[in-house]
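One structure is given below, encoded as structure tokens.
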Amino acid sequence: MDAQRKFIGPHVSASGGVEQAVVNAHELGATAFALFTRNQRQWKAKPLSDTSVETFKQLLGEYGYAPKHVLPHAGYLINLGNPDAEMRQKSADAFLDEMQRCMQLGLPMLNFHPGSHLNKISIDDCLKLIAEEINIALSKTEGVVAVLENTAGQGTNLGNRFEELATIIELIDDKSRVGVCIDTAHTLSAGYEIRTREGYEAMWHQFDTIIGKQYLRAMHLNDSKKELGSRVDRHESIGLGTMSPLFFDMIMNDPRLNDMPLILETPDESRWAEEIKLLYALAKH
């Protein structure tokens, strides 16, 4: 199998402008990358400048990045399932702004965490709220897929079970504009044993049966500080956590993961270039 059919890179800094993220990814030898298109710690953000947008697009072309291999990540403040109407509206406004930024940048996906019920409403009611807000954002934008990320299930976060992601997708009006990003550390922490060949294949069988393989759009390739079923979200550098060496070998030789962004969200950025090389070395030619 051609190793170049896998597209790998970290979540890079966009400090200094979104265009700087492209440069940062290129310098690491990344073939894909993630970024925040705005300050993820604030509700309000300055609009993208025309210069930033044009430079971003120009650099993508110059360095050979396809827009489909770039995975913007929405800010962590956003909770589309917030039981508090005022806070949910803040989240919805920020989410719409992020979707519109993806449109401006010519990027076809926005990755985000589904939401949290905060122990104030039922899981089903929270999932319905999340789907409603996604539908509203999709109706006001075009060409951008809302990509739900599975979670570790920490606290009151939803999306750790495939059934919860499937419920949201069922409630989306335009199913061509919704997808899923599987985070490997979250998957293990949520209780899916993916470190053995049998467990790995069982997880994908469940994904296909419950959600549908057509919805897989991206992956976050992270080792985990925590063990199976911990429901604690703690990423680790590749090879330093509880994942097996076999797991990353299976990832790199799985044709299901060809031609989509495989994003490192590992904690030690000094290891990113080395991690990219390590993963590519696992791919069988």
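One quarter of the convex hull surface, Cα atoms only: what value does that give for the chain in nm²?
Numbers: hull surface 54.2 nm².
Its Cα hull, projected and averaged over all orientations, spans 13.5 nm².
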- Once amide H atoms are placed 1.01 Å from N in the peptide plane, what residues at a sequence separation of 5 or more from residue 236, or on another chain, have their amide H within under 5 Å of its amide H? 223, 224, 225
- Query: Of the listed peptides 257-267, 42-52, 176-186, 61-71, what is their order by residue-averaged count of other C-beta atoms within 10 Å, with the highest listed first?
  - Reply: 176-186, 257-267, 61-71, 42-52
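How big is the dipole moment of the chain about its Cα centre under a simple scheme where the beta carbon of each Lys and Arg is +1, that of each Asp and Glu is -1, and everything else is neutral? Debye, nearest 20, please. Mind dumping the intermediate values first?
On the way: 29 positive and 39 negative charges, 28 e Å.
For this selection, approximately 140 debye.
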- Length gain on complete extension for the stretch residue 197 to residue 170, per 0.36 nm per residue less the alpha carbon to alpha carbon distance? 6.7 nm
- Query: At a probe size of 1.4 Å, how large is the accessible area of residue 98, to the nearest 10 Å²?
  - Reply: 10 Å²
- Task: Could you list which residues have their amide H under 5 Å from that of residue 7, counting only those 5 or more apart in sequence or on another chain, with H placed in the peptide plane?
- Result: 259, 260, 262
- Mean Kyte-Doolittle of at least 0.5 plus a Cα span of 18 Å or more along the axis: flag which DSSP H helices in the chain meet both, please. 123-139
- Task: Work out, step by step, the length gained on full extension between residue 259 and residue 228: first 0.36 nm times the residue separation, then minus their alpha carbon distance; give nm to one decimal.
- Result: 8.3 nm
- Task: Could you let me know the centre-to-centre spacing of region 55-99 and region 201-273, using Cα atoms, in angstrom?
- Result: 21 Å
- Options 22, 81, 172, ranked by Cα towards positive dipole end of the chain, top entry (Cβ charges): 22
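Go through 213/277; 120/140; 175/225; 6/57; 175/284 and tell me which ones have a Cα-Cα distance over 25 Å in this structure. All intermediate terms of the calculation are to be shown ahead of the outcome.
Working: 213/277 28 Å; 120/140 29 Å; 175/225 34 Å; 6/57 22 Å; 175/284 34 Å.
Pairs exceeding 25 Å: 213/277; 120/140; 175/225; 175/284.
Using a 1.4 Å probe on the protein chains only, how many percent of the accessible area of the chain belongs to carbon and sulfur? Spell out each step's value before the answer.
Details: 6090 of 12120 Å².
Whole-percent figure for carbon plus sulfur exposure: 50.
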- Query: Rolling a 1.4 angstrom probe over the protein heavy atoms, how many square angstrom per residue are accessible across the chain?
  - Reply: 43 Å²
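The values are calculated or read from the model by the stated rules, or taken from the named source; none is laboratory data. As the structure is a prediction and not an experimental result, all values here were calculated from the model. Here the Cβ is made from the backbone with ideal geometry for all residues, glycine too, and neighbour counts use every protein chain on show. Just the protein is used for accessible areas: all its heavy atoms, side chains included, with ligands, DNA and RNA removed. Shrake-Rupley method; radii C 1.70, N 1.55, O 1.52, S 1.80 Å.
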